């Protein structure tokens with residue numbers, strides 16, 4: 001049986017999810033995604049888990065189609081949503097932390 005995890009609606013302390021701004025991340029594996037009114041439900045068949053992401057969190061996901069830093073995603077998200085960069089950074093960090101917990105994005109290490 002699948003369980004629904006509401007990652008982006010959970011009340012979180014933004015400092016808990018703060019991500020280094022200069023580290024690159026990229027999508028590691030693709031969950032099944034169903035988009036409804038700009039929000040998305042991700043289903044991970046390996047974990048038998050469905051995860052809800054609000055519109056800002058789903059926008060963050062779309063930016064990790066290629067390696068990007070939190071700074072790059074925050075700037076793009078600020079432009080896309082019309083919000084201040086610091087607010088976009090909180091959205092990006094929270095969404096990225098959730099995506100990392102589920103194994104959907106990976107940190108790219110410098111060599």
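Each value in this text was obtained by applying a stated rule to the coordinates, not by laboratory testing. Just so it is clear, the model here is predicted, and its values are computed rather than measured. FYI the Cβ positions are ideal-geometry reconstructions off the backbone, even for glycines, and counts take in every protein chain you see.
Fewest Cβ neighbours within 10 Å first, please rank 36, 23 accordingly. Intermediate results must be reported in sequence, preceding the final value.
Working: 36 8, 23 14.
In increasing order of surrounding Cβ atoms, one gets 36, 23.
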Got a sec? How would 70, 51, 35, 83 order by Cβ neighbour count within 10 Å, fewest to most?
35, 83, 70, 51
Obtain the nm distance between the two label points defined at residue 28 and residue 75 by a simple spin-label model: each point lies 7 Å from its Cα along the Cα-to-C-beta direction.
2.7
Whether segment 35-111 is rounded, prolate or oblate, judged on the alpha carbon gyration tensor where a/c under 1.5 counts as rounded:
oblate
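Given a cut-off of under 8 Å on Cα pairs at least six residues apart, what relative contact order in percent is computed for segment 18-58?
On the way: 40 pairs, mean separation 11.3, N = 41.
With pairs under 8 Å counted, the relative contact order is 28 percent.
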